[in-house]
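Nothing in this text is a laboratory measurement; each read-out follows from the coordinates by a stated rule. Computed from a predicted model, the values in this text were never measured in an experiment. FYI the Cβ positions are ideal-geometry reconstructions off the backbone, even for glycines, and counts take in every protein chain you see.
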Amino acid sequence: MRINVEEPRAAERFWEGMREVAAAAARHQDPGLYHSIVKIGRAALAQGVELVPSSGLFLECPVCEVLPGQRCVNAPRHPLQDNILHAERTELAEKALRGEVPFPHPLR
């Protein structure tokens with residue numbers, strides 16, 4: 001299979017694959033898959049892959065507390081509107097992947 005990294009949707013497709021791995025990790029309760037997501041995500045960011053808003057799926061949401069791999073749910077004073085994740089979850093993922101904050105349990 002050939003992958004064109006110059007494709008306009010390459011970053012989106014990459015993070016889509018990461019979401020699928022996160023869903024599998026949640027489904028199978030496999031911490032090894034979570035750690036793999038972290039390694040792959042950090043390497044991708046180091047190579048310049050753009051972080052997309054839904055890439056925080058591998059973390060528990062600090063707002064609605066859904067588990068890794070699950071989509072966020074509406075919470076009081078934190079409506080999702082058209083998003084699948086709360087902004088705080090996406091921001092946490094971005095900071096964690098960049099090494100600015102430690103990964104929350106179970107991803108340390």
Subject >> Full-stretch length increase - His35, Arg98 - with 0.36 nm per residue and alpha-carbon distance subtracted >> reply: 21.2 nm
**OP:** Would you calculate the separation in nanometres between label points at Glu12 and Glu50, each defined as 7 Å from the Cα along the Cα-to-beta-carbon direction?
**Re:** 1.0
Subject >> Stretchable slack from Asn74 to Arg42, in nm (0.36 nm times residue separation minus alpha-carbon distance) >> reply: 8.6 nm
Subject >> Shape call, the range 10-97: gyration tensor on alpha carbons, a/c limit 1.5 >> reply: oblate
